[in-house]
Amino acid sequence: MTHFLRFFVVAAFGLLLFSCNQSPSTDKAVTTPKEEQKIVGLVEDVLTKEEQDALTPDMVIQSFKEGNVRFMRNDLTARDHSAQVRKSTNAQFPKAIVLSCVDSRVPVEDVFDRGIGDIFVARVAGNFVNEDILGSMEFACKVSGSKLVLVMGHEHCGAVKAAVDNVKLGNITPMLAKIRPAVESLVYDGDKTSKNPEFVHLACESNVKNTIAEIRAKSPILKEMEDEGAIKIIGAVYDMDTGKVVFL
């Protein structure tokens, strides 16, 4: 009986080793990765000259408002950015130029649900204008055909708060000097420090309006284009708590 059991165990172990050494059956189908499905509604095109020419400033403003609603709903348009990069290599026909703060929490293209080739974006802390930015705006509108200049400030802006408190620090000092006029022009009876959210908000709006006035005063080209109805120069404030852009 003992010899029989020993023989049985050895035989079973041998069969197990034999089966482990066998190659997989060639009759089984080879599985392949599932083919990637194309996203329905994927945008590949970029704005053409003809499409840009057909736009009016009001149409661009409306498209920005609609895009901002999609941004707040987390419903951004699906885009093939690689294709858009290739299609915009040799030319660009953006709808607008947006002057925004450098703040990393204000993703301008996403805020308006815009893709590659849709908008010019200029950024500087406190969204003020200087010679370089004015030249960029003139290039965007007079040379490249954009229909809108949008100055967009934002809530909780560090540059505006620093200007309110009249901070002195290196090159930040002359930078804030460009924002200070918007603060000093405010008539306000309460606490005029960065600790007062109401005053900071008023200073933010005042800075946007002051920047628009500076554009009109210091760029005869843009002023003339606005007077002729070719472009509009407007302002807005981005609410960082909700993602909503409030047009002024």
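Rule-based calculations on the coordinates, nothing more; no lab input. Please read these numbers as outputs of a predicted model, since none were measured by experiment. Using ideal geometry, Cβ is built from the backbone for each residue, glycine included, and neighbour counts are taken over all protein chains shown.
Starting at the first residue of the range 181-194, write each ³J(HN,Hα) from the Karplus equation 6.51 cos²θ - 1.76 cosθ + 1.60 with θ = phi - 60°, in whole Hz, x for Gly and Pro.
Once θ is set to phi - 60°, the couplings for the range 181-194 become x, 5, 6, 5, 7, 6, 9, 8, 8, x, 5, 9, 10, 5 Hz.
Quick one: of K142/K192; K218/K244; K147/K244; K168/K192; K95/K168; K195/K223, which pairs are farther than 28 Å apart, Cα to Cα? Intermediate results must be reported in sequence, preceding the final value.
On the way: K142/K192 40 Å; K218/K244 30 Å; K147/K244 22 Å; K168/K192 17 Å; K95/K168 38 Å; K195/K223 37 Å.
From K142/K192; K218/K244; K147/K244; K168/K192; K95/K168; K195/K223, over 28 Å: K142/K192; K218/K244; K95/K168; K195/K223.
Using the alpha-carbon centroid of each, what span in Å lies between the range 83-108 and the range 109-135?
Each part's Cα centre sits 8 Å from the other's.
Taking the Cβ of F199 as the centre, find all other residues whose Cβ is under 12 Å away and add up their charges (Lys, Arg: +1; Asp, Glu: -1).
Numbers: positive: K161, K192, K195; negative: D165, D189, D191, E198, E205.
For residues surrounding F199, the net value is -2.
N130: net charge of surrounding residues, Cβ under 10 Å, Lys/Arg +1, Asp/Glu -1, itself excluded? Working shown, then result.
Numbers: positive: K178, K218; negative: E131, D132, E214.
Result for the neighbourhood of N130: -1.
Give the distance, in whole Å, between the Cα centre of the range 136-157 and the Cα centre of the range 213-237.
Cα centroid of the range 136-157 versus Cα centroid of the range 213-237: 10 Å apart.
Using Cβ counts within 10 Å as a stand-in for footprinting exposure, how do K161, K223, K195 rank, fewest first?
K195, K223, K161
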